[in-house]
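See below for the structure under consideration.
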Amino acid sequence: PRSIDASVNEIVSEADVKRSNENAPKVDVKHVNGLGSHFIRDIYFPDNTRVDPGQTIKKSWSLKNNGSLSWPSGTKLVSVSGSTFGHNASTVLTSEVDVGVECNVSVDIIAPLEAGKHTARFQLVTPQGKKFGHKVW
């Protein structure tokens, strides 16, 4: 088994992917031309974790390819609208992720200097710029 663990500005050459024997989830997931992504769980920094202003954190999620096509090499996890920080953070996956595979994807983000509740939202995007799958935060 292999899994993907990518960080912002880090290019992953070796994928460490864990094949899941579970059936694809029976939920309404946004698919784009056969590409799909389903949120499985938070890995690092669960929702509502308190952090210091300006602190760099590595936020990681477990995602599953629940589409009918592999995610191509060059797929990115990018910041999307609704984010109050992490606007320039992204991660590039340099290996394909096969259908049915669960992988860990991470991004390094810096907490805002202003106190309060903040959210950084991300979504996968194809090398051609088409967003697909669940948004994660």
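Within the range 72-95, if we keep just the residues that are open to solvent by 30 Å² or more (accessible area, probe 1.4 Å) and in contact (Cβ under 8 Å) with a residue 60 or more places away in the chain, the residue that is nearest to D42 (Cα to Cα) turns out to be S90.
Of all residues in the range 101-116, those that are without any contact (Cβ under 8 Å) to a residue 60 or more places away in the chain and either basic (K, R) or assigned to a strand (DSSP E or B) (or both) total 1. Pairing each residue of the range 52-66 that is farther than 17 Å from K76 by Cα with any residue that is modelled with pLDDT under 95 and among the aromatic types (F, W, Y), provided the two are 6+ apart or on different chains, yields C-beta distances under 7 Å for I57/F45.
Which of the residues spanning the range 38-48 are surrounded by 11 or more Cβ atoms within 10 Å (Cβ to Cβ) and not in a strand (DSSP E or B)?
Result: F45, single match.
Would you check which residues across the range 50-67 are surrounded by fewer than 16 Cβ atoms within 10 Å (Cβ to Cβ) and touching a strand residue (DSSP E or B) at 6+ places or on another chain (Cβ under 8 Å) and list them? Working first, answer last.
Here is the first cut: in the range 50-67, the residues surrounded by fewer than 16 Cβ atoms within 10 Å (Cβ to Cβ) are 50-56, 58.
Across the range 50-67, the qualifying residues are V51, G54, Q55, T56, K58.
The values are calculated or read from the model by the stated rules, or taken from the named source; none is laboratory data. This is a predicted model, so every value here is computed, not measured. Here the Cβ is made from the backbone with ideal geometry for all residues, glycine too, and neighbour counts use every protein chain on show. What goes into the accessible areas is simple: the full protein's heavy atoms, side chains included, and nothing from ligands, DNA or RNA. Shrake-Rupley method; radii C 1.70, N 1.55, O 1.52, S 1.80 Å.
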